[in-house]
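The values are calculated or read from the model by the stated rules, or taken from the named source; none is laboratory data. Predicted model only: the values in this text are computed from it and were never measured. Cβ: placed from backbone, ideal geometry, glycine included. Neighbour counts: every protein chain shown. These area figures cover heavy atoms from the full protein model, side chains too; ligands, DNA and RNA do not enter into them. Shrake-Rupley method; radii C 1.70, N 1.55, O 1.52, S 1.80 Å.
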Amino acid sequence: MGAFNTIAFKPEHCDGCNACMTACATAKTGSADIINSRIQVVADGDTFELALCRQCGDPKCVANCPAAALAKDDASGVIAWDGSKCVNCLLCTVGCAYGGIVYNAAAGHVVKCDSCGGDPACVKACDRGALTYLTTANIYNEVGDLEDLFVPGLAGCQGCNTELIMRHTLRRIGPDTVLATPPGCVPGMGSVGYNGLTGTKVPVFHPLLTNTASMLTGIKRHYKRQGREVNAVALAGDGGTADVGFQSLSGAAERGEQILFICVDNEGYMNTGMQRSGCTPFGAWTSTTPVGERGKGKTQDAKNLPLLMMMHNCEYVATASTAFMEDLYAKLDRAIDASKRGFAYLHIYSPCTTGWRFPSAENIEVARKAVETNFVMLWEFNPRDGLRLSRPLDEPRPIDEYLEALGKYRHLEPEQVGHIEATVRKNVEQIRGLAEGRRAAMA
Amino acid sequence: MQQTEYLIVGASHAALSALQAIRMQDAEGSITMVTRDDALPYSPTVLPYVVSGRSAPERVALKDGAWFEQNKVGFIRGAAVTALDAAARRAKLSSGEEIAYGKLLLATGAAPILPPIPGLKDVKFHVLRTLDDAMKLNKALPNTKQAVVLGAGLVGMHAAENLAKAGAQVTVVEMQPRVLAGYFDAEASSIIEAAFAAKGVELLLGAKVSRCETAGQGARVTTDTGAVLDADLLLVAAGVAPVTDYLAGSGVAVDRGVLVDDTMRASVDGVWAAGDVAQAKGFYDEAKILNGILPSAVEQGKIAGMAMAGDPAVRPWPGGVPLNTYTFFGQQAVSVGSQEAGETVRKEADAKHYLKIVMKDNRLTGIFGINVPFDPGVMWEIILRRIDLSSVREAFIKDPQKTARTIMSKTWR
Ligand SMILES: Cc1cc2nc3c(=O)[nH]c(=O)nc-3n(C[C@H](O)[C@H](O)[C@H](O)COP(=O)(O)OP(=O)(O)OC[C@H]3O[C@@H](n4cnc5c(N)ncnc54)[C@H](O)[C@@H]3O)c2cc1C
Ligand code: SF4
Ligand code: SF4
């Protein structure tokens, strides 16, 4: 059984406008009377609750139907109702504990949500952001059967985002790969292995922090000379990319070497004890930018590494986040493709539970907040089309939502927050300008 | 001799739900399902519609051959289990074959009771529990002018409606003073009775059949109230009893049904029972009861299957709650819970509508409606969870559907 798309409800965005119910009733019955809506939003004082079919994995309505009139569709996951078989016994409504299937007097039989064949009318009608149609399941269906090319039991911290990035990316890139992992969390958690065994199922090597891109260049050229099509991929931390590793990286990018360099940006040298890097943002606590009587965290801004790479006019440059997996996967596909023609660079943000100090269960939420507050922006670039935004920068959530989620910013004073806000604003303007410049150039 | 890790006897709701639960936990263990019906799995509940012609017999199968193949299940149909040697873990089939099993589920359901009425054995009559029964009734329908139904439970009432719709003059004889006495009180039953009366169905309530005899092609039925009824079709729907005859001498403890604990384990190692055949704890007191309804069979089957496969997520049987949905002449009656386990906090009835809510210590014990919308599954869960309704009591009594949905959305959605 695959994974399925689903309608998600965020009650905090709902204001009880009933647009979803009107849209559903209209789509299903032609009458706007919300009594006919398959989705029922219930007001409870100032908050809103939901009764809607969950398209269960182990549906009790189906088990309770004596007439085989209900069945789960293998492809869509929707529990479909067959009116030609239904005998109106209502036993499905006894099985369902969610109010997902109900007798409708106008229709004269039970009715339930059918997800409108994958384009739900309720979601389209909700302009408050309370209803969304989650299609992320497609990723699982597409790549779920691909082999995980890292071994089980890597020794990452609990809730580590970097491990997720490693497993997801390599699974997609596939086994015809040589992997370079310079010192950092990626080899540190065991991917280069112990006692002569590697932690990967592809050839992996452990260059110096300084020479990752040049070693990979050599390897790629060697295979090319042999006539073999091999992906040469680096999974490097931000230190190994932005600071110590930068000159070899810059050289390989400028030469247009056909490699894919992935920077896993956790904003510091986390593996060695959480020291600052060139990518550590202003104000952040690290072990070398301590907080005390005088120190208040880092006093310089982070360098904008993906922009620097864009200025190399690489074949492909993009930023991505594990909170937006469909976007990440699409960019990965384009990066792999571009690396067959020239240099491809992918910058993936990787919140670090240990070094940033937040609960390990919240990693993806932190990643999401970083993007939704514009602290991190998602975009992509190629020399022909210029820079393109992957999601709009308008209406960001307040930056406090992001800063307050992280222990490394707990000490911030109002001026520091002001500085960060100003920096985010400046960065947004810069990226927006580049994106609009592209449009102007192409018009 | 055939060997199987799991042997499931029966192929209806309890059996299928157990099978699915086993396969969730154990993808490979060998499973054999045996049923005495020579048919693909079907539900007794759909049979009234097979009788009426609404459901074609070939379209009521709950699973097909491909499904059994996909789930790696050996499906033996048309063979009844006739004896059980629980110590040796072997079951004997009517075909003479024996099957050795590791774990056994008894899901043989129930069969119609024949009341000890003088002369009944000697007249032609119908019952309704199997697909065969239904097809026989369906065949008899066009030639039926006068039908007599013994019993005004769900089976009798469903049949009476369909016989009436087919144009027969129908009389229902019931010992109790009202129809569907197990699920509804007098006011609610009277709405249902009125609907039947309006369609010309005669209800002889509080009457007992004292004698049956053959009369022409049909039967003549005499009641203790003095009525004499001629029937070219006689249907006996006077209740059901668990099918346990094949357990004689097996050591499996049987009271009215197979006695089971909270994970549906019978008294003998390696044996479980679920559905209409099982006698399990009731919800309102601990006494073991028969609760012969489809949703209980589904739930018990799931618990039994999980327990048999060693699924660590298995949760104990919370106890049987009487519940039912009953559609009659296009109207809907819903009964969830017990009328007696608490006090009535709302009751209103008119000719077409009925609603009654019963609570104890601010907890719902039962809700009953006719043509009043609420979600029975949500109410059942509220009862099972013994949710304290004190903070929403007034709202619940005023608008049970909306308030229950709110509770659901907040508590378990
Ligand atoms: C006409 C009618 C209407 C009904 N309407 C409703 C309703 O509206 N709501 C409701 O909740 N319930 C209703 N019921 C009851 C409901 O159908 C049962 O509660 C439910 O089917 C029980 O499921 P089960 O799996 O326990 O047993 P059953 O459905 O009885 O199945 C028993 C299975 O065991 C097999 N079997 C029996 N003996 C043997 C043997 N010795 N060897 C091998 N196999 C054997 C049978 O072939 C069958 O496959 C109705 C029943 C009938 C007859
Ligand atoms: S109707 Fe209810 S039981 Fe059926 S799939 Fe939907 S939520 Fe699940
Ligand atoms: S009302 Fe229809 S869909 Fe629901 S259980 Fe009965 S036959 Fe199945």
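Carbon and sulfur atoms: what percent of the 1.4 Å accessible area of chain B do they account for? If you can, show how the numbers build up before the last one.
Values: 8350 of 17190 Å².
The value for chain B is 49 percent carbon and sulfur by accessible area.
Take every Cα pair under 8 Å in the stretch B:330-412 that's 6+ residues apart, average their separations, divide by the length, and report that relative contact order as a whole percent.
26
Is chain B best put as rounded, prolate or oblate by its Cα gyration tensor, with a ≥ b ≥ c the root eigenvalues, rounded for a/c under 1.5, and otherwise prolate when a/b is larger than b/c, oblate when not? Let's see the in-between values first.
Working: a/c = 1.87, a/b = 1.10, b/c = 1.70.
It is oblate, given that a/c is not under 1.5 and a/b is not larger than b/c.
Computed on protein heavy atoms with a 1.4 Å probe, what is the summed buried accessible area for the chain pair B and A, in Å² to the nearest 100? Display every interim value, and only then the final one.
Details: alone 18740 and 20670 Å², together 36290 Å².
Its buried surface, counting both partners, is about 3100 Å².
Report, in debye and to the nearest 20, how large the dipole of the protein assembly as shown comes out about its Cα centre when Lys and Arg carry +1 and Asp and Glu carry -1 on their Cβ. Don't skip to the answer; put the middle values down first.
Details: 86 positive and 92 negative charges, 190 e Å.
Roughly 920 debye for the protein assembly as shown.
Residue by residue through the stretch B:284-296, which ³J(HN,Hα) values in whole Hz follow from phi under the Karplus form 6.51 cos²θ - 1.76 cosθ + 1.60 (θ = phi - 60°), with glycine and proline marked x?
8, 8, 6, 4, 7, 10, 8, 9, x, 10, 4, x, 5
Nearest-5 percent of antiparallel DSSP beta bridges in chain B?
For chain B, the DSSP antiparallel bridge percentage is about 55.
Rounded to the nearest 5, what % of the DSSP beta bridges within the protein assembly as shown are antiparallel ones?
On the way: 75 of 134 bridges.
In the protein assembly as shown, DSSP labels about 55 percent of beta bridges as antiparallel.
Using a 1.4 angstrom probe on the protein heavy atoms only, line up B:VAL336, B:VAL314 by accessible area, largest first. Present the calculation step by step, with values, prior to reporting the outcome.
Working: B:VAL336 0, B:VAL314 40 Å².
Putting B:VAL336, B:VAL314 in descending order of accessible area: B:VAL314, B:VAL336.
Please report the relative contact order for the stretch A:269-335, taking Cα pairs under 8 Å with a sequence separation of at least 6, and give it as a percent rounded to a whole number. Intermediate values should be presented prior to the final figure.
Values: 72 pairs, mean separation 13.6, N = 67.
That works out to 20 percent.
Students often forget the sequence filter, so: which aspartates and glutamates lie under 14 Å Cα-Cα from B:LYS288 once same-chain residues fewer than 8 apart are removed?
B:ASP255, B:ASP261, B:ASP262, B:ASP276
Would you tally the net charge around B:GLN146, using a Cβ to Cβ cut-off of less than 13 Å, leaving B:GLN146 out, and scoring K and R as +1, D and E as -1? Walk me through the numbers before you get to the answer.
Values: positive: B:LYS145, B:ARG220; negative: B:GLU202, B:ASP230, B:ASP232.
It works out to a net charge of -1.
In square angstrom, what is the accessible area per residue of the stretch B:249-350 with a 1.4 angstrom probe?
Values: 3830 Å² over 102 residues.
Normalised by residue count, the accessible surface of the stretch B:249-350 is 38 Å².
On average, how many beta carbons from a partner chain sit within 10 Å of the beta carbon of a residue in B:366-377?
Values: counts 0, 0, 0, 0, 0, 2, 0, 6, 3, 12, 10, 15.
Counting other chains' Cβ atoms within 10 Å and averaging over B:366-377 gives 4.
Computed FRET efficiency, Cβ-Cβ of A:ALA75 and A:ASP127, R0 30 Å: what is it to the nearest 0.05?
The formula returns an efficiency of 0.50 here.
Could the peptides B:338-350, A:298-310 be put in order, highest first, of the mean number of other beta-carbon atoms found within 10 Å of their residues? Walk me through the numbers before you get to the answer.
Numbers: B:338-350: 14.5, A:298-310: 18.9.
Ranked by mean Cβ neighbours within 10 Å, highest first: A:298-310, B:338-350.
Using the per-residue mean of other Cβ atoms lying within 10 Å as a proxy for protection, in what order, highest first, do the peptides A:90-99, A:382-391 fall?
Details: A:90-99: 25.6, A:382-391: 15.1.
Per-residue Cβ counts within 10 Å, averaged per peptide and sorted highest first, yield A:90-99, A:382-391.
Does anything in the stretch A:128-145 have its amide N under 15 Å from the 7 Å Cα→Cβ label point of A:ALA8, and if so which residues?
What the label zone holds, given the 15 Å backbone N cut-off, is A:129-140.
Between A:LEU146 and B:LYS398, take the C-beta separation as r, use R0 = 45 Å, and let me know the FRET efficiency to the nearest 0.05. Before the final figure, lay out the partial values.
On the way: r = 55 Å, r/R0 = 1.22.
Once rounded, the FRET efficiency stands at 0.25.
Which FRET efficiency, nearest 0.05, do A:TYR194 and A:GLU254 yield, Cβ-Cβ r, R0 30 Å?
On the way: r = 36 Å, r/R0 = 1.22.
Computed FRET efficiency for A:TYR194 and A:GLU254 comes out at 0.25.
If we count every other residue with Cβ under 10 angstrom of A:LEU170's Cβ, Lys/Arg +1 and Asp/Glu -1, where does the sum land?
Around A:LEU170, the surrounding residues sum to +2.
What number comes out for the charge environment of A:SER350, summing +1 per Lys or Arg and -1 per Asp or Glu over other residues with Cβ under 10 Å away? List each step's numbers first, then the result.
Values: positive: none; negative: A:GLU163, A:ASP238, A:ASP265, A:GLU267.
It works out to a net charge of -4.
Counting partner chain Cβ atoms within 10 Å of every residue's Cβ in B:399-407, what's the average? Don't skip to the end; give the middle numbers.
Details: counts 1, 0, 5, 6, 2, 3, 9, 9, 2.
Taking the mean over all residues of the peptide, I get 4.
Give the cross-link partners of B:LYS92 among the lysines, using a straight C-alpha distance below 16 Å as the criterion and excluding same-chain residues fewer than 8 apart.
Candidates past the 8-residue exclusion: B:LYS103.
What are the membrane-span-like helices in chain A by this rule: whole DSSP H runs, Cα extent along the axis at least 27 Å, mean Kyte-Doolittle hydropathy at least -1.0? Walk me through the intermediate numbers first.
Values: long enough: A:414-442 (42 Å, -0.64).
Span-like helices, by this rule, are A:414-442.
On a 30 Å Cα-Cα criterion, which of the cross-link pairs A:LYS220/A:LYS298; A:LYS28/B:LYS402; B:LYS72/B:LYS281; B:LYS165/B:LYS402 come out too long?
On the way: A:LYS220/A:LYS298 38 Å; A:LYS28/B:LYS402 22 Å; B:LYS72/B:LYS281 33 Å; B:LYS165/B:LYS402 36 Å.
As for pairs spanning more than 30 Å Cα to Cα, those are A:LYS220/A:LYS298; B:LYS72/B:LYS281; B:LYS165/B:LYS402.
Mean separation of Cα pairs under 8 Å and 6+ residues apart, divided by the residue count of the stretch B:1-70: what relative contact order is that in percent?
32
Summarise the partner chain shielding of B:40-49 as one whole number: the mean count of Cβ atoms from other chains within 10 Å of each residue's Cβ.
Working: counts 1, 1, 3, 8, 1, 7, 8, 1, 3, 7.
Taking all residues of B:40-49 together, the mean is 4.
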